[in-house]
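The values are calculated or read from the model by the stated rules, or taken from the named source; none is laboratory data. Just so you know, these numbers come straight off a predicted model, no measurement behind them. Because the Cβ atoms are built from the backbone with ideal geometry, glycine has one as well, and the counts that use them run over all protein chains shown.
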Amino acid sequence: MKSLMRMLKRVLLFAIAIILMYQLWLFGWILWWKWNPPQSTSFMSIRLAELRDKNPRAKLDYQWVAYEKISSNLKRAVVSAEDDKFMEHDGFDWDNIERALKKNQRKGKRVAGGSTISQQLAKNLFLSPSRSYIRKIQEAVITVMIESLWSKRRILEVYLNVVEWGNGVFGAEAGARRHFGQSAASLGEYQAARMAVMLPSPRRFEKSLPAYAREHAESIQQRMHYSEVPR
């Protein structure tokens, strides 16, 4: 019995050591990306693998641009659509999370999410679209790291550059050129609102927006002026 307990203790300590090493690995990348643009993300790798199942030569459409080269219209539209308390919270919008939980309970299924831009970024950089309690816990840990190490400006800059805006299309620059044939810096208000409304389902909305999504884009355009974004 004693030998069994010693073995279990060693296994537990080994598992804890592996988990801590993984957290340090994540921390190292987050620290590196504080100053350097990500060359790839977990979501990019997943999408590229899917595309190459059909076409071995497939490539992602991804181009990093600096924060100041992204239209303020897009910054405000995305914050308005995805996280209107972005400048106020520390990575988690607890009121929005509570509202989402209540709505999901009423519907009996997941119809609303309460994730902030910081949480979405954590998932995009390191995790997968799968849903599980373990993934949500890891997402929360990464979110705390990001909010602790990066400024709000850096968080929004990286988010706008790595989020998906179509099948294999990543970042504001590639998205703006794919959908409007122009740079991210020159997006007008309604163009920015249309791009923002795509974010929950970028591949589904890539070819056309249904009526309810167009109405939502108009709503975003009307309220985006009140959204505060980093300078």
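Hey, Glu228 hits all of (1) assigned to a helix (DSSP H, G or I); (2) under 15 Å from Glu82 (Cα atoms); (3) among the charged types (D, E, K, R); (4) more than 16 Å from the chain's Cα centre (by Cα) but one; which does it fall short on?
Every condition holds for Glu228 apart from (1).
Which one of the conditions (1) modelled with pLDDT under 95; (2) part of a helix (DSSP H, G or I); (3) touching a Lys or Arg at 6+ places or on another chain (Cβ under 9 Å) does Glu139 fail to meet, given that it meets all the rest?
(1)
Mind checking which residues of region 143-169 are of a type in the set (Gly, Ala, Ser) and part of a helix (DSSP H, G or I)?
Of everything in region 143-169, just one residue is of a type in the set (Gly, Ala, Ser) and part of a helix (DSSP H, G or I), namely Ser148.
Which one of Arg131, Arg177 is surrounded by fewer than 20 Cβ atoms within 10 Å (Cβ to Cβ), out of contact with any Cys (no Cβ under 7 Å at 6 or more places or on another chain), within 25 Å of Phe92 (Cβ to Cβ) and not acidic (Asp, Glu)?
Step by step, each of Arg131, Arg177 is checked, and only Arg131 is surrounded by fewer than 20 Cβ atoms within 10 Å (Cβ to Cβ), out of contact with any Cys (no Cβ under 7 Å at 6 or more places or on another chain), within 25 Å of Phe92 (Cβ to Cβ) and not acidic (Asp, Glu).
Checking Lys54 against (1) crowded, with 18+ Cβ neighbours inside 10 Å; (2) out of contact with any strand residue (DSSP E or B) (no Cβ under 7 Å at 6 or more places or on another chain), which single condition isn't satisfied?
(1)
Please specify each residue of region 170-194 satisfying the condition of being over 14 Å from the mean Cα position of the chain (by Cα) and aliphatic (A, V, I, L, M).
Scanning region 170-194 gives Ala174, Ala176, Ala184, Ala185, Leu187, Ala192, Ala193.
All but one of (1) closer than 17 Å to Tyr159 by Cβ; (2) in a loop (DSSP other than H, G, I, E, B); (3) modelled with pLDDT of 95 or more; (4) among the charged types (D, E, K, R) hold for Arg47; state the number of the condition that does not hold.
So Arg47 meets the others, but not (2).
Give just the number: which of (1) more than 13 Å from the chain's Cα centre (by Cα); (2) farther than 27 Å from Trp32 by Cα; (3) surrounded by fewer than 20 Cβ atoms within 10 Å (Cβ to Cβ); (4) not aliphatic (A, V, I, L, M) does Ser148 not satisfy?
So Ser148 meets the others, but not (2).
Among the residues of region 50-77, how many are assigned to a helix (DSSP H, G or I) and among the hydrophobic types (A, V, I, L, M, F, W, C)?
3
List the residue pairs whose Cβ atoms are under 6 Å apart, where the first residue sits in region 204-230 and is under 13 Å from Arg76 (Cα atoms), the second is modelled with pLDDT of 95 or more and acidic (Asp, Glu), and the two are 6 or more positions apart or on different chains.
Within 6 Å, the pairs are Gln221/Glu189.
Counting just the residues of region 90-119 that are closer than 20 Å to Ile142 by Cβ and acidic (Asp, Glu), which one comes out modelled with the lowest pLDDT?
Going through the qualifying residues, I end up with Asp93.
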